[in-house]
């Protein structure tokens, strides 16, 4: 093998770290999986690379997705952070939008800011909404604040000035001053992350970036050091929440852009698989050890959002950056089952993680989990878990389930375990609804692509809840997100607020703004990777009917700009509004509030290889399992021994290295020409 011919992708999850290694010369992909090592995450990546039989010194590209950013936010263990804002506006962050998501909940609590009020400082600068200076920025005020930052031992500071989306000058000057004055401080300016209006959302976004900044920067610095120690001389790129890649230097400054990096890679892999299969619309369902995630492929592309609530709609904080629309719930293989109020059975969101992990791992876990329930029901093999690399302990599982669930509920161990699985499936079906039904999409019309180590185990149950007709299990589903990194492209997204009615749309003005952003994006992409072969541009507009408050993002075809066609823009907006809200009006005037552009740099990707036709060989083994409400002998097939054209009707199990697919009564599985499991769901 030639030197530096590998691309290594590592997806660090809450329970497992998945590694996929692509050899650019042979076209071969090798896989590795190891338990995540929370105290030193890079060790889990190193273990995964070693299990794949490779090493970093042979790689020219390392791609990485991680949960460090999102976990730091959700667990509230980030840096001690301060906010500097325009005089009179330091309480924006706490006031928010004054909405009450649970109007009749007497115990409702609103969001809690990441920054305490005493650490929010004001300066007397002020810009107008057009970007002209109303009051200048005073250096002496910044000096007084710098002294306070030192006194309070602040680790990070964020800067949000009113109307900086129109002119970033004041924010950039303040950042330059603080960076020189306090060189060890992590400083983040809102204009570098978002140039959209809405001061609360911009404040929340830059506050989150500063809050997670020191921890994420330290983590990435540690990974860089580890790579150097192992003689890696290639490029290190991070997956963004858009599914695109960006450099580690940018990631250390704009940490918030990697908040959904792992799940986003899974959506990119789903998009690539759908493109190959000729499928335009699909649901992506990703279930790992800690969480379950879902997103949508619509008209051949991932469904995006420009504003996401991190931590849930009721008490979460908004993040205003482009990202893939991914909804998430704390239900995974390691989710803990417990008895709640009124003797009710609850599953998650607490997780056993990788340390100590589910009971069956034998690593000290003492709480019953979803994985333990699957082992008790016979849906997992105690001997062949992770291809036999990890032996499981069913006797210990049964003992814990008997003590903590079955006996208190007056059920058998098997009934308690099946109850855990059904509750988990119902919870996960709700997360799929949030990216389909709540977005104006009917889940019944879409096939579901299921992946993640636990995804194939539960996908059919979720599909039956939602009346989905087909489930697709890709090759190596337990490593599918890592594979998504191998097929991801470099990407930069830009947004600029611009209020203008559609009838007054100035194409020359808009074209000038877009071209400037696209030129910057092209330069950044070319600097990040010399292997980019082509660049493509996608443009969008945030639009609303005149008089509305909120806008929808509309992708606009380049031909509409070339032909100066406002009618085509209005028609595209009406179509999106109809899908999202169920109505539209051809007669109502529309307006633009922001212009968007995405620049994507495409690189060579691994290609899917054809599978040999199936040849009848060794008959399946039989395993006693509790399925469809009864105990029975169920045939078990080893996926690597199955070829294209293989067909089986459930109940059955299809086992492979890092996952198991469960078929229930009358579900029909067929293997296509590239090895995907295509399952016709038996919906009663």
- Message: I'd like the full set of residues that are over 23 Å from the mean Cα position of the chain (by Cα) and modelled with pLDDT of 95 or more, limited to the stretch 189-206.
- Response: 189
- Note on the structure: When restricted to 236, 285, the only residue under 27 Å from residue 447 (Cβ atoms) and outside any loop (DSSP other than H, G, I, E, B) is 285
- Message: Could you check the stretch 150-187 and list, in sequence order, the residues that are in a loop (DSSP other than H, G, I, E, B) and in contact (Cβ under 8 Å) with a residue 60 or more places away in the chain?
- Response: 152, 153, 154, 155, 161, 162, 165, 166
- Task: Tell me, please, whether a residue that is surrounded by fewer than 24 Cβ atoms within 10 Å (Cβ to Cβ) and within 18 Å of the chain's Cα centre (by Cα) can be found in the stretch 283-292.
- Result: no
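Scan the stretch 484-543 for residues that are closer than 26 Å to residue 130 by Cβ, under 26 Å from the mean Cα position of the chain (by Cα) and part of a helix (DSSP H, G or I) and jot them down.
Hits for the stretch 484-543 are 517, 518, 520, 521.
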- Task: Report, ordered by the first and then the second residue, all pairs with beta carbons closer than 6 Å, sequence separation of six or more or different chains, a first member in the stretch 496-523 that is farther than 15 Å from residue 599 by Cα and assigned by TED's automatic domain parsing to the domain that holds residue 537, and a second member that is loosely packed, with under 14 Cβ neighbours inside 10 Å and modelled with pLDDT of 90 or more.
- Result: 507/564
- Please find, within the stretch 427-450, the residue that is surrounded by the most Cβ atoms within 10 Å (Cβ to Cβ) out of those that are without any contact (Cβ under 8 Å) to a residue 40 or more places away in the chain and part of a helix (DSSP H, G or I). 429
- Would you mind finding the one in 568, 625 that is surrounded by 14 or more Cβ atoms within 10 Å (Cβ to Cβ) and either over 27 Å from residue 275 (Cβ atoms) or within 30 Å of the chain's Cα centre (by Cα) (or both)? 625
- Task: Please find, among 555, 586, the residue that is closer than 19 Å to residue 435 by Cβ and outside the structural domain of residue 299 (by TED's automatic domain parsing).
- Result: 555
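Listed here are the residues, each with its yes/no results for (1) assigned to a loop (DSSP other than H, G, I, E, B); (2) crowded, with 16+ Cβ neighbours inside 10 Å; (3) under 30 Å from the mean Cα position of the chain (by Cα); (4) outside the structural domain of residue 378 (by TED's automatic domain parsing).
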{"position": "597", "(1), (2), (3), (4)": "no, yes, yes, yes"}
{"position": "616", "(1), (2), (3), (4)": "yes, no, no, yes"}
{"position": "631", "(1), (2), (3), (4)": "no, no, no, yes"}
{"position": "637", "(1), (2), (3), (4)": "no, yes, no, yes"}
{"position": "670", "(1), (2), (3), (4)": "no, no, yes, yes"}
{"position": "675", "(1), (2), (3), (4)": "yes, yes, yes, yes"}
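Determine if the stretch 462-480 includes at least one residue that is out of contact with any helix residue (DSSP H, G or I) (no Cβ under 9 Å at 6 or more places or on another chain) and either surrounded by fewer than 17 Cβ atoms within 10 Å (Cβ to Cβ) or at pLDDT below 95 (or both).
Looking for residues that are out of contact with any helix residue (DSSP H, G or I) (no Cβ under 9 Å at 6 or more places or on another chain) and either surrounded by fewer than 17 Cβ atoms within 10 Å (Cβ to Cβ) or at pLDDT below 95 (or both), one finds at least one in the stretch 462-480, hence yes.
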- Query: So residue 591 clears everything in (1) at pLDDT below 90; (2) in a strand (DSSP E or B) except one condition, right? Which one?
  - Reply: (1)
- Identify all residues within the stretch 154-170 that are touching a helix residue (DSSP H, G or I) at 6+ places or on another chain (Cβ under 6 Å) and over 13 Å from residue 206 (Cα atoms); write none if there are none. 155, 168
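Can you give me the ranges of the strands (runs of 3 or more DSSP E) entirely in the stretch 3-49 with at least 1 residues that are out of contact with any helix residue (DSSP H, G or I) (no Cβ under 7 Å at 6 or more places or on another chain), more than 25 Å from residue 330 (Cα to Cα) and not assigned by TED's automatic domain parsing to the domain that holds residue 355?
Filter on the stretch 3-49 gives 16-23, 29-35.
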- Kindly check whether there is at least one residue in the stretch 310-322 that is in contact with a helix residue (DSSP H, G or I) (Cβ under 9 Å, 6 or more places away or on another chain) and at pLDDT below 85. yes
- Got a number for residues in the stretch 52-99 being assigned to a helix (DSSP H, G or I) and in contact (Cβ under 8 Å) with a residue 40 or more places away in the chain? 13
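The values are calculated or read from the model by the stated rules, or taken from the named source; none is laboratory data. Predicted model only: the values in this text are computed from it and were never measured. We place every Cβ from the backbone using ideal geometry, glycine too, and count neighbours over all the protein chains shown.
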